[in-house]
Each structure stands twice: as C-alpha cells, then as structure tokens.
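Following: one structure in structure tokens, then a few remarks.
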Amino acid sequence: MSSFRGEGPYLFVDGKKMFDAASGTFNLALGYNHPTLVARLQQQLERCSHLSSRFTHDASQLLFERLKPYLPAGMERFWFRDITGSSAIEGAIRMAQKASGRSGVISFYRAHHGQSLATASISGNAFRLSHFHTVIEGSLKIPAPASLYCGVSASAPIELPDFEQYIEYASTDNIACIVIEPVQGNGGNIVFPPAFYSALREVASRHNIAIIADEVQTGFGRTGSFFASSGYAAALQPDILVFAKGAGGIGIPAAGICMRPEYDVLESFEHSSTSGANPLALTALDATISVIEEEGVLDNVEALQPHLEAGLLALQQRYSGYMSGARGIGFMYAFDLPTVESVDLFIEIAERHQLIVRSARYGRSNTVKVRPALISTQQDIDVLLNALDASLAEFVATCPQLEGVA
C-alpha cells in the first residue's frame, strides 16, 4: 500500500515529491499541513472533537462576525450547521423556498452544485443521474455565456441568455431561486463576463427571485478576493452565499450559509446534520481566516496571478495546436487539450513529471484544471509551470498524429 505525506503544496507519494496543482480535491487552500491549523486542531482534539450544536452557537456567531467584512453587503445572518457543500446548497434552497413559497430552481448548463440527489438534479451532470430519479418541482436549467479567455477583455461584447423568455415561458411563476457558481468549476473553469452577473441580478430583483452564490469552490481566496461575489463577481449581489471546501484550510470538512435577513427562515429541525458546527470544523474555519489575514494570502494570490497566467499563455503559444483556451482568475485556472481521451493521457504523463492535475469531467470535457494552493510561492509556481512544460513536451511527442498542429 502506498504511503502519503503532505508538505505545503506538495504531496509525497512513496517518497516521490509531487506538486499538487489540484489542491487535493480543490479543498486544500492552505496546502496539506499548514502549521497554524495543525497546532490549533491538535489542541482542539485534546479538548473534544464533537459537541452538540446547542453548545457551539456562540463560537459560530464569533466566526460569522469575522467573516462579515468579507461578505457581500446586506448579509447579516448565518447558518453553520453543515460540513459539505452539497448539504449547504440544499439548506440554501430550502431557505429560498420557504421565504418565497415557491419551489423551482434555475441553474445553468455545466453547473455543479453537489452530489446528493437534490443538488445533482439541479447540476449540469445528466450522466451522473442516469440511474437515479428526483426532481425539484418547477426547476429548469438554462444556458450560460461562454468563458472569457486569458487576454480577452472582460468588457468584450457577449450574447447573454434571454432570462425573461425562460421565466415567462418555462417557469410557471414558480421560481424560488437562481443558483450560480461565480466561476463554474467542474463544468470546465468557466469564467463569466461581469455583464452576465449584472443582467442576472437585474432580472432576479425584478421577479423577486433569490440569487444563491455557490462559492464552494471559489470562496476563501481562490479567485483572489475572499469571496468571488465580493470581488470579480461583485455585480451578482447574492441574497444567499454558500461556502465549503477551502473553508477548512487543510481539508477539514467545513461549510456554511450566509444570507440576507429575509432568508433567515429555517427552524433548527428543518436543516441540520450530526456533525454540523462541530468543534474541529469551527477551529479549522477560525484558523483559516487567521492565516488568510495574518499571512497576506489574498495579496499573495493577487501578486502571483499575473505570473501564473503569463506562464500558461507562454506554454499555450509554445504548444499551439495542442494546448488552447487558457482561462482563469486568481489561482483558479484551466486549459484545453484536443480531445477527452488526451486529457486522461496528459494526467498520466504529468504524474511522471511529478505534477498532479485534474480534469473537468462534465460533458466528458477536454479541460485540465490548474489550482495550486493559495500559499504557493513564485518558486512553487515555477515548479508547476516547468512541470507543465515537460508534460506538454512529452504529450506532443506522444501524439504526433493530431491534425492541425504547429
């Protein structure tokens, strides 16, 4: 059986040092073993690893006060009774349904909101539902704009969905909420133009529909601001915001929901879990906020984003015909390869060059995602780019049969 040990953004597999450009399952915002989190969690384990939520409300309230400066304006309530993104998204939908008296959910093609029956049913992942059956009454999926790409102006003209037509002809006036990832993650790292957020906010306000920002993958600094909807996607102005993944810093399961007061409508028995607001999750969340603040993690991402993007664009030019579509923001990037099958091959090649990357499997896509830990240094980013360069060189040598290559 293999042995594993993490150190910052690196994973040692049977002693072999690998740069993890997937940050685990996109949940190791601070790497594998940040000393501040390890020490705090060890101290908490010596006290207790579980408490009833009856005893953790005060600690949750203090944590919410720490988060409030980073939240979109108007979010004055919280619900920290989840440890996974799937369950937190379900909680947010319940809030919107109860507050509005409606049931329907609008979501987008290629969206990913979880793997429970309810969240999978509103995600753009029909291949995951072929053997399972559940429907949230009145829900519909609609198209979203294509991604922005590196080097293309965010203000370039785009074709927006005709939201009014979908609401008038497909919704039967039963829409409780619109759920959106500010940057679509599993759908292929789709970076929406800011005009899309503005248009979505306008139509949601006009029809009194809640916007739920699914920041499970984008939250806690991944896009360069604490939350994407307080930075790049500020025009979205969500009514409810859901976080998970990076909130635990080094992979500790932690999730939560923040909302405007009018959506603070649930009774405790209407949405909860056994491990919600457990002491380890709250400790990890608190320590993660401290590290982000005290170690300038957001500044680090902002400073190194141009270096990462320039490196990817240089590789794209060097391997034109094989690598294309570089796109991203913060430390949340991706690029495309010619075929779905070539992505599987590339991942194997990358591992030989001591690099871990992941694919975007929705629609069996040809996307490779690049998401280093937020504590990565410029030297670490250079390790990543050099490993990508070596991997692409071997990939090109392995695939000479591809047409149209330079």
- Mean accessible surface per residue for the range 1-143, computed with a 1.4 Å probe while every protein chain stays in place, in Å²: 50 Å²
- Query: Per Stokes-Einstein, at 37 °C and 0.692 mPa s, what whole-number D in µm² s⁻¹ belongs to the range 248-342, with the Kirkwood radius over Cα pairs as the hydrodynamic radius?
  - Reply: 190 µm²/s
- Message: Below 8 Å between Cα atoms, with a sequence gap of 6+, how large is the relative contact order for the chain in percent?
- Response: 23 percent
- Item | Placed amide H near residue 211: partners under 5 Å, 5+ positions off or other chain | 178, 239, 240
- Task: Determine by what factor the alpha-carbon radius of gyration of the chain differs from 2.2 N^0.38 Å, reporting the quotient.
- Result: 0.97
- Task: Would you pull out the residues with amide H under 5 Å of residue 108's amide H, same chain only if 5 or more places away, H placed 1.01 Å from N?
- Result: 142
- Task: Could you tell me which of 31, 359, 253 has its Cα farthest along the dipole of the chain towards the positive end, charges placed at Cβ (Lys, Arg +1; Asp, Glu -1), taken about the Cα centre?
- Result: 253
- Note on the structure: Listed by chain and number, the residues whose amide H is under 5 Å from that of residue 12, excluding neighbours fewer than 5 places away on the same chain and using placed H, are 5, 6, 7, 18
- Item | Alpha carbon centroid spacing (whole Å) that separates the range 104-128 from the range 146-175 | 18 Å
- Quick one: dipole size for the range 51-108, taken about the Cα centre, charges +1 on Lys/Arg Cβ and -1 on Asp/Glu Cβ, in debye to the nearest 20. 160 debye
- Note, ³J(HN,Hα) from phi for the range 308-320, Karplus 6.51, -1.76, 1.60, rounded to Hz, x at Gly and Pro: 5, 5, 4, x, 5, 5, 5, 5, 4, 5, 5, 10, 4
- Note on the structure: Checking 310, 29, 254 against a Gaussian network model of the chain (alpha-carbon springs below 10 Å), the top fluctuating residue turns out to be 310
- Distance in Å, no decimals, from the C-alpha centre of the range 341-389 to the one of the range 45-98 is 33 Å
- Message: Can you compute the FRET efficiency between residue 3 and residue 269 using 1/(1 + (r/R0)^6), with r the Cβ-Cβ distance and R0 = 41 Å? Round to the nearest 0.05.
- Response: 0.40
- Item | Over the chain: helical MRE at 222 nm, DSSP H runs n ≥ 4 each giving -39500 (n - 2.57), nearest 500 | -11000 deg cm²/dmol
- Message: Let me spell out the model: positive unit charges on the Cβ of Lys and Arg, negative unit charges on the Cβ of Asp and Glu, origin at the Cα centre of the chain. What dipole size does that give, in debye rounded to 20?
- Response: 500 debye
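The values are calculated or read from the model by the stated rules, or taken from the named source; none is laboratory data. Given the structure is predicted, the values throughout are model-derived calculations rather than measurements. Cβ atoms come from the backbone with ideal geometry, glycine included; neighbour counts cover every protein chain shown. Ligands, DNA and RNA are stripped out before the accessible areas are found, and what is left, the full protein with its side chains, is counted by its heavy atoms. Shrake-Rupley method; radii C 1.70, N 1.55, O 1.52, S 1.80 Å.
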